[in-house]
Amino acid sequence: MTWALLLLVATTPALLLCAAWALIPSPDDPPRWQLALARGLERVADRLRREPPRTCDPFATLRVQERLGVVAAHVRELEGDVHAFARAERIISSQLAYDQLLAEACRLAEVEVRPAAKGDPHERFREEVELTARGWSW
């Protein structure tokens with residue numbers, strides 16, 4: 001018990017001195033009140049800031065629409081050609097490319113892209129309907 005009391009009496013002044021020393025800013029650091037005020041003003045500014053309207057590059061949109069049309073025509077051509085070599089693999093890879101272009105188009109049109117399995121026809125159909133409802137055509 002006496003050893004614990006002796007240890008407490010010996011370390012208390014050092015701990016108090018360290019705590020007081022931490023309150024004094026160094027010449028390189030700004031005062032703490034300035035930091036607290038800056039954080040508070042930044043929070044107020046974040047609430048007041050408005051997100052600028054997002055503008056899409058019309059040429060990027062046109063490029064994606066053009067590529068969607070080309071890939072969709074390629075898939076239709078492959079589905080019609082019964083004598084094509086490795087037809088199933090080519091159709092699958094073309095549909096995956098089409099799905100990636102659809103996802104890019106959805107990002108440009110601010111349509112939610114839901115997580116789904118690769119090549120999910122239901123998600124593909126939903127994305128196509130959403131894009132058509134927003135005026136996209138390919």
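Quick note: the coordinates plus some simple rules give every number you see, no bench work behind them. The structure displayed is predicted, hence computed values, not measured ones. Note: ideal-geometry Cβ built from the backbone for every residue, glycine included; neighbour counts use all protein chains shown.
Go through region 93-115 and report how many residues are of a type outside the set (A, V, I, L, M) and over 21 Å from the mean Cα position of the chain (by Cα).
4
In region 53-88, how many residues are without any contact (Cβ under 8 Å) to a residue 24 or more places away in the chain, of a type outside the set (A, V, I, L, M), surrounded by 10 or more Cβ atoms within 10 Å (Cβ to Cβ) and out of contact with any helix residue (DSSP H, G or I) (no Cβ under 6 Å at 6 or more places or on another chain)?
Residues meeting the conditions: 6.
Yes/no per residue for (1) out of contact with any Asp or Glu (no Cβ under 9 Å at 6 or more places or on another chain); (2) not in a helix (DSSP H, G or I):
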position	(1), (2)
35	no, no
41	yes, no
90	yes, no
93	yes, no
102	no, no
113	no, yes
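Quick test for you: out of 53, 30, pick the one residue that is within 28 Å of the chain's Cα centre (by Cα), at negative phi, outside any helix (DSSP H, G or I) and not basic (Lys, Arg).
Selected residue: 53, the only one of 53, 30 that is within 28 Å of the chain's Cα centre (by Cα), at negative phi, outside any helix (DSSP H, G or I) and not basic (Lys, Arg).
Considering every residue within region 116-138, establish whether at least one is more than 24 Å from the chain's Cα centre (by Cα), touching a residue at least 60 places away in the same chain (Cβ under 8 Å), loosely packed, with under 15 Cβ neighbours inside 10 Å and in a helix (DSSP H, G or I).
No, that holds for no residue.
Confirm whether residue 46 is surrounded by 10 or more Cβ atoms within 10 Å (Cβ to Cβ) and acidic (Asp, Glu).
no
Among the residues in region 64-85, are any within 22 Å of the chain's Cα centre (by Cα), among the polar types (S, T, N, Q) and assigned to a helix (DSSP H, G or I)?
So far as region 64-85 goes, no, none of its residues is within 22 Å of the chain's Cα centre (by Cα), among the polar types (S, T, N, Q) and assigned to a helix (DSSP H, G or I).
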